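S.K.: I am attaching a structure below and will ask some questions about it afterwards.
The values are calculated or read from the model by the stated rules, or taken from the named source; none is laboratory data. Note that the structure is predicted; figures quoted are calculated from it, not measured. A quick note on method: Cβ atoms are made from the backbone with ideal geometry, for glycine too, and the neighbour counts reach across all protein chains shown.
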Amino acid sequence: MSQEAAEQVRALLPQGHSLSLYPLCNSNDISKHPTIPDGYEDAHNQDHVEVMTQGGESGMERLVGAIVVTGNRQSRIICAEHYLRDRSQDPHGESVRAHHTSVPDDQSTSQYPKAIKILTIPDRFNNPHFVIGTSAGNYLVTSSEEDGQIHVGPGRCGAFVVSEHTRLLISRVRQEQSLLGNSVLGLAQVRTAFGYPTTYTTRRAIAEGQNDVETMPVTIFTLYLWKVQGAKVFHQLYVRSLEKCPEGIILTKSDVDDSPLEGKVAKCLAEFSELFVDNELNVTRTPEAEDILQTLANLFSKVISDKNRVVADNIARRRMPPSTKHYHCYSVSVSLSPLLKILNINKTCRY
């Protein structure tokens, strides 16, 4: 679109709106080095590498708010989770036998050889996940913004294009370390190892102003806060983990939703309730409990995905100027007739 055409489009938009001209990405642009915006620097800086390798609050501080660039496409990281490589410490860590590994090497697949590797890794259902790997662990992107569009959920963030030329740009202005310590919101979006205390450690960080239920990517542990029936047991697993009982994570029958339910969720909860002895169930020491919880968690996968669409809308709505909040997801529909004459296209204008 020419600058003259853009000015004519702006004149047609409702007052208070703006138009951004996003360049289209094509295969010829994929190898170009990105222009680094003011206030950012490339992650090849050794200090960035060392801090991100350490993980924890400091590593998250560098990653959240960072921009990942491939050609003319860019994705700003809103929320991410950190996982260790040592499976003895983190049962959700990447397997050393994984076919697609995020371990940085000295090959062209590592954008920062032996330091940082940016890639998409398919999960067991072949859905790509957007991952940034270091030697000691990796970061899973669970919320991002790409060209004004908000993506929430590992699968949706995984649609970002990655190549050997992809770069990671770190903001020079550090936001406050915003790991959500001592909060169920800080738990990762896992669906296994419910009997392990490390499952209930804080490993998420999110951009400032987004750290509440309405704008955090939904997990199996926060479904209860969204008033989803049958999900209470996962929230209570977190609550019981705080007791730090040396014998394991122990539930009582009151921790399981007793509201009327139907279908597969009701069947799972009924089987789970049968495992209690004298009103208690040690989840850590009961393999059958783990099996049922994994099945139950998978039954909620579509609910989580649907809720994440709501979260994306909530984030977009918060970022709109007050005068435009009645529009949806940073888009506005206007009369197309004058636009078609100017642009000679048949598309809805996006800004």
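S.K.: Filtering region 277-310 down to residues that are assigned to a loop (DSSP other than H, G, I, E, B) and touching a residue at least 24 places away in the same chain (Cβ under 8 Å), which residue is surrounded by the fewest Cβ atoms within 10 Å (Cβ to Cβ)?
M.R.: Of the residues in region 277-310, the ones assigned to a loop (DSSP other than H, G, I, E, B) are 278-279, 283-286, 300.
Keeping just the survivors that are touching a residue at least 24 places away in the same chain (Cβ under 8 Å) gives 279, 283-286, 300.
Working: 279: 9, 283: 25, 284: 18, 285: 13, 286: 19, 300: 20.
The extreme case among them is 279.
S.K.: Among the residues that make up region 181-192, is at least one of them basic (Lys, Arg), assigned to a loop (DSSP other than H, G, I, E, B) and more than 12 Å from the chain's Cα centre (by Cα)? Full working, then the answer.
M.R.: Restricting attention to region 181-192, the residues satisfying the condition of being basic (Lys, Arg) are 191.
Subset that is assigned to a loop (DSSP other than H, G, I, E, B): 191.
This time we only want the ones that are more than 12 Å from the chain's Cα centre (by Cα), so: 191.
Looking for residues that are basic (Lys, Arg), assigned to a loop (DSSP other than H, G, I, E, B) and more than 12 Å from the chain's Cα centre (by Cα), one finds at least one in region 181-192, hence yes.
S.K.: So, one more: Being more than 23 Å from the chain's Cα centre (by Cα) and not charged (D, E, K, R) is the filter here, so list the residues in region 97-108 that pass it. Outline the logic, then answer.
M.R.: From region 97-108, those more than 23 Å from the chain's Cα centre (by Cα) are 97, 105-108; that's our starting set.
Matches in region 97-108: 107, 108.
S.K.: Still on this structure, I have one more. So which of 18, 58, 31 ends up being polar (S, T, N, Q), modelled with pLDDT under 90 and in contact with a Ser or Thr (Cβ under 9 Å, 6 or more places away or on another chain)?
M.R.: Values: 18 fails: in contact with a Ser or Thr (Cβ under 9 Å, 6 or more places away or on another chain); 58 fails: in contact with a Ser or Thr (Cβ under 9 Å, 6 or more places away or on another chain).
Testing whether each residue is polar (S, T, N, Q), modelled with pLDDT under 90 and in contact with a Ser or Thr (Cβ under 9 Å, 6 or more places away or on another chain) leaves just 31.
S.K.: Scan (1) in contact with a Leu (Cβ under 9 Å, 6 or more places away or on another chain); (2) surrounded by fewer than 16 Cβ atoms within 10 Å (Cβ to Cβ); (3) not assigned by TED's automatic domain parsing to the domain that holds residue 316 for the single condition residue 234 breaks and write down its number.
M.R.: Failing condition for residue 234: (2).
S.K.: Could we say that residue 124 is farther than 29 Å from residue 37 by Cβ, of a type in the set (D, E, K, R) and surrounded by 19 or more Cβ atoms within 10 Å (Cβ to Cβ) here? So that I can check it myself, show each step before the final result.
M.R.: Numbers: farther than 29 Å from residue 37 by Cβ: yes; of a type in the set (D, E, K, R): yes; surrounded by 19 or more Cβ atoms within 10 Å (Cβ to Cβ): no.
So residue 124 does not fit the description; no.
S.K.: Where the second residue is at pLDDT below 95 and in a loop (DSSP other than H, G, I, E, B) and the first is assigned by TED's automatic domain parsing to the domain that holds residue 201 and lies in region 243-270, which pairs have Cβ atoms under 7 Å and are six or more apart or on separate chains?
M.R.: Listed by first residue and then by second, the contacts come to nothing, as the list is empty.
S.K.: Return a yes/no flag: does region 243-266 have any residue that is closer than 15 Å to residue 192 by Cα, over 30 Å from the mean Cα position of the chain (by Cα) and surrounded by 14 or more Cβ atoms within 10 Å (Cβ to Cβ). Outline the logic, then answer.
M.R.: So in region 243-266, the residues closer than 15 Å to residue 192 by Cα come out as 249.
If we keep only those that are over 30 Å from the mean Cα position of the chain (by Cα) as well, we get none.
For region 243-266, residues closer than 15 Å to residue 192 by Cα, over 30 Å from the mean Cα position of the chain (by Cα) and surrounded by 14 or more Cβ atoms within 10 Å (Cβ to Cβ): absent.
S.K.: Could I ask something else about it? Of the residues 119, 140, only one is among the hydrophobic types (A, V, I, L, M, F, W, C), free of Cβ contacts under 8 Å to residues at least 60 places away in the same chain and within 19 Å of residue 101 (Cβ to Cβ); which?
M.R.: On the way: 140 fails: free of Cβ contacts under 8 Å to residues at least 60 places away in the same chain.
Being among the hydrophobic types (A, V, I, L, M, F, W, C), free of Cβ contacts under 8 Å to residues at least 60 places away in the same chain and within 19 Å of residue 101 (Cβ to Cβ) holds for just one of 119, 140, which is 119.
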